[in-house]
Amino acid sequence: MIFGTQSCHNIGELSEVSSVRRAGVDLGRKLGFDDIRAGELAIIITEAATNIGKHAKSGQIYLRPISQGDKHGIEVLAVDSGPGMLNVEINFEDGNSSTGTSGTGLGAIKRLAHFIDIYSEYDKGTVLLMIMWADPAISAQNFWEIGNMCLPIASEDVCGDSWTAVGASNALSVVVADGLGHGQGAADASLLAVQALQDDPELYPNRIMQNSHQLMRGSRGAAVAIAKVDVSANVLRYCGVGNIAGCIFGPESRQHLISHNGIVGNNMHKTQEFLHKWSEDAIVIMHSDGIGTKWTLEQYPQLEKRHSSVIAAVIHRDFTRGRDDATIVVFKRNLN
């Protein structure tokens, strides 16, 4: 699956609900949504944004184009830090509402969206994931479940971080890069690491890092981390330079992924590829330093069972520093 650039839409006033609905429909039209599908997309965005306004008072809707082969769709994430839900399943049933309304909003979302997932904690907030396809007849198999948030600091329009993932049924390579500084110059540098992976995803991470270093000469440079999973060998290879954090989560353990000091493209003295055991139920989380490191999955009961996009959105919501571009990528095997 290929992910496009995310857009963030703040929700707090009624006019902002209308604005994000128009943005979603406009994006859908560009991706080939017909009148019926565009109308359904408008409904789920409106219901999700209205729920934020009613229950949490403020929050964000994130829109992103996605594609799978020649199929195109939109990922919608509704994120808030409001009162949360005591019983998620009941709230998805028509007629149930905590604010005295008709209680059909979440029910409509469940009926119309082609995929939904939700994580809600009482008094801590809710993250709702919705995916709509222009053509819902998706036949290709997703072997990997990948989620991410990649957003610029509030003062910039362009994110200086970049990421990409290239995979097949038995392998996946992921790169996360944080260009020095902010804005277009940082983005130009970090995108060179993406190019290095896309040029030859079959290479091991250490070699991709070396290629990134050569491509970035003359740019601002970046912190870069590359992970490559080989399912048949049960191995994850990892190479990092700079302040990209990485962790592997298993059923009973958490293992930090090591990066060396330096700046790719400028001051890269040493690279080293580390080998880690890979298991089918592992979760890998990588993020730039725009997200704090004092989080654990253990503080969020059952979050590890949610979709990778939901996991990424929860951590981004609660641990974004606010003074830097912020990127987090979460990936695991799709075992469904």
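Name the residue, out of Glu89, Glu40, that is more than 18 Å from Asn10 (Cβ to Cβ), of a type in the set (Asp, Glu) and at pLDDT 95 or above. Let's see the steps before the verdict.
Numbers: Glu89 fails: at pLDDT 95 or above.
When all the criteria are applied, what remains is Glu40.
Out of all the residues in the stretch 260-297, which are over 25 Å from the mean Cα position of the chain (by Cα) and basic (Lys, Arg)?
Residue satisfying the conditions is Lys270 alone.
Here's a check for you: in the stretch 142-170, which residue that is more than 16 Å from Phe3 (Cα to Cα) and out of contact with any Pro (no Cβ under 8 Å at 6 or more places or on another chain) is modelled with the lowest pLDDT? Step through it out loud before you land on a result.
Just the residues of the stretch 142-170 that are more than 16 Å from Phe3 (Cα to Cα), to begin with: 152-158, 160, 169-170.
Narrowing further to those that are out of contact with any Pro (no Cβ under 8 Å at 6 or more places or on another chain): 152-157, 169-170.
On the way: Pro152: 96, Ile153: 95, Ala154: 91, Ser155: 91, Glu156: 94, Asp157: 92, Ser169: 87, Asn170: 92.
Within the stretch 142-170, the match that is modelled with the lowest pLDDT is Ser169.
A quick yes/no check of all residues on (1) more than 16 Å from Phe115 (Cβ to Cβ); (2) among the small types (Gly, Ala, Ser); (3) open to solvent by less than 30 Å² (accessible area, probe 1.4 Å):
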residue	(1), (2), (3)
Ile11	yes, no, yes
Leu14	yes, no, no
Ala49	yes, yes, yes
Leu63	no, no, yes
Ser67	no, yes, yes
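Looking at His269, His213 in this structure, which one is out of contact with any Lys or Arg (no Cβ under 6 Å at 6 or more places or on another chain), in contact (Cβ under 8 Å) with a residue 12 or more places away in the chain and over 22 Å from Asn148 (Cα atoms)? Write out each step before concluding.
On the way: His269 fails: in contact (Cβ under 8 Å) with a residue 12 or more places away in the chain.
Residue meeting the stated conditions: His213.
Checking the condition in a strand (DSSP E or B), over 23 Å from His269 (Cα atoms), touching a residue at least 12 places away in the same chain (Cβ under 8 Å) and open to solvent by 20 Å² or more (accessible area, probe 1.4 Å), which residue from Ala154, Ala165 passes? Talk me through it step by step, then tell me what you get.
Working: Ala154 fails: in a strand (DSSP E or B).
Among Ala154, Ala165, only Ala165 is in a strand (DSSP E or B), over 23 Å from His269 (Cα atoms), touching a residue at least 12 places away in the same chain (Cβ under 8 Å) and open to solvent by 20 Å² or more (accessible area, probe 1.4 Å).
If a residue counts only when it is farther than 30 Å from Ala154 by Cβ, which strands (runs of 3 or more DSSP E) contained entirely in the stretch 206-300 have at least 1 such residues? Spell out how you get there, then give the answer.
On the way: elements: 222-230, 235-241, 245-249, 254-257, 274-277, 283-287.
Hits in the stretch 206-300: 222-230, 235-241, 245-249, 254-257, 274-277.
How many of the residues making up the stretch 69-80 are farther than 15 Å from His114 by Cα and within 18 Å of the chain's Cα centre (by Cα)?
Summing the residues that are farther than 15 Å from His114 by Cα and within 18 Å of the chain's Cα centre (by Cα) in the stretch 69-80 gives 3.
With the structure loaded, tell me whether Ser279 is among the hydroxyl-bearing types (Ser, Thr, Tyr) and closer than 15 Å to Ser162 by Cα or whether it fails that test.
Values: among the hydroxyl-bearing types (Ser, Thr, Tyr): yes; closer than 15 Å to Ser162 by Cα: no.
Taking the combined requirement at face value, the residue does not satisfy it.
Restricting to the stretch 298-336, name every residue that is within 16 Å of the chain's Cα centre (by Cα) and open to solvent by 10 Å² or more (accessible area, probe 1.4 Å). Before the answer, list the steps.
First pass over the stretch 298-336, keeping only residues within 16 Å of the chain's Cα centre (by Cα): 303-320, 325-334.
Result: Glu304, Lys305, Arg306, His307, His316, Arg317, Asp318, Phe319, Thr320, Lys332, Arg333, Asn334.
Do you know which residues across the stretch 30-72 are of a type outside the set (S, T, N, Q) and in a strand (DSSP E or B)? Before the answer, list the steps.
As a first pass, look at the stretch 30-72 and keep what is of a type outside the set (S, T, N, Q): 30-45, 47-49, 52-57, 59, 61-66, 69-72.
Matches in the stretch 30-72: Gly59, Ile61, Tyr62, Leu63, Arg64, Pro65, Ile66, Lys71, His72.
The values are calculated or read from the model by the stated rules, or taken from the named source; none is laboratory data. This is a predicted model, so every value here is computed, not measured. FYI the Cβ positions are ideal-geometry reconstructions off the backbone, even for glycines, and counts take in every protein chain you see. What goes into the accessible areas is simple: the full protein's heavy atoms, side chains included, and nothing from ligands, DNA or RNA. Shrake-Rupley method; radii C 1.70, N 1.55, O 1.52, S 1.80 Å.
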